Amino acid sequence: SLANLAGGVLLLISKPFVVGDVVEVEGVTGTVKSISILYTYINTFDNRLILIPNGQVSSERILNNSAEANRRLDLVFDISYSDDMEKAKSLIREIVMAHPLALKEPEPLIRTGELADNSVRILCNVWVETENYLVLKLDIIEAVKNSFDQNDIHIPFPQLEVTVKHQQEQQ
């Protein structure tokens with residue numbers, strides 16, 4: 001109880017988050033509902049109330065998703081090695097630039113990020129106002145999938161090639 005009390009005082013003084021912030025603490029992600037002297041109350045996105053003792057909260061890493069007005073949305077789109085990489089990047093750029101929630105400054109970054117085992121990975125980094133983060137993420141993913149389908153760009157699935165060697169028995 002003393003650790004929780006001390007943790008509560010520390011949280012109320014340092015204010016790493018406030019009521020209404022979306023945070024991740026102790027592996028729990030949700031909206032801070034209230035902060036008492038002993039517990040922090042977090043409402044999860046599926047509407048469960050989690051009480052975390054302030055002694056644990058004050059000693060854990062706190063990820064505050066609401067602290068800044070803007071966030072960078074990082075997406076990765078995989079395309080087949082046989083597809084036109086420049087065309088795919090152009091389609092992604094068109095979708096991002098046309099979306100009203102995507103911030104135009106700083107300019108979105110859409111570049112080839114990796115030549116992976118089964119695909120070419122295209123990175124898409126775009127800035128968004130924090131409260132629009134999830135909506136923009138879902139909108140872009142859906143629009144890119146539809147655009148890729150309409151433009152014959154394939155999203156590969158992982159493949160593993162297995163070679164079976166048969167050895168004859170020796171007598």
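The values are calculated or read from the model by the stated rules, or taken from the named source; none is laboratory data. Please read all numbers here as calculations on a predicted model, not as lab measurements. With ideal geometry, Cβ positions are generated from the backbone for all residues, glycine too; neighbour counts draw on all protein chains shown. The accessibility values were calculated without ligands, DNA or RNA, using every heavy atom of the protein model including side chains. Shrake-Rupley method; radii C 1.70, N 1.55, O 1.52, S 1.80 Å.
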Work out Dmax and Rg for segment 15-59 from the C-alpha atoms and quote the Rg first, both in angstrom.
9.2, 26
Give me the percent of the accessible area of segment 120-171 that comes from carbon and sulfur atoms, probe 1.4 Å, all protein chains in place.
49
Could you order E142, E60 by accessible surface area, starting with the largest, using a probe radius of 1.4 Å?
E142, E60
On a straight-distance basis, which lysines could pair with K87 in a cross-link, Cα separation under 22 angstrom, same-chain partners fewer than 8 positions away excluded?
K104, K137, K145
At what distance in nm do the modelled label points of A69 and V164 sit from each other, each positioned 7 Å from its Cα along Cα→Cβ?
6.3
Heavy atoms only, 1.4 Å probe, whole protein assembly: order K165, K104, K33 by accessible area, highest first.
K165, K33, K104
Please list 45-51, 24-30 highest first by mean number of surrounding beta-carbon atoms within 10 Å per residue.
24-30, 45-51
Quick one: Debye curve from the C-alpha atoms of segment 83-154, no solvent, what's log10 I(q)/I(0) at q = 0.11, 0.28 Å⁻¹?
-0.27, -1.37
Given R₀ = 30 Å, what would the calculated FRET efficiency be for D152 paired with E107, taking r from the Cβ atoms and rounding to 0.05?
0.60
Kyte-Doolittle at least 0.5, axis length at least 15 Å by Cα - qualifying DSSP helices, the chain
2-14
Rg/Rh for the chain: what does it come to with C-alpha atoms and Rh from Kirkwood?
1.19
Considering only protein heavy atoms, what per residue accessible area in square angstrom results for segment 1-146 with a 1.4 angstrom probe?
58
Go ahead and set up a Gaussian network model of the chain, Cα springs under 10 Å, then flag whichever of D74, D117, D21 fluctuates most.
D117
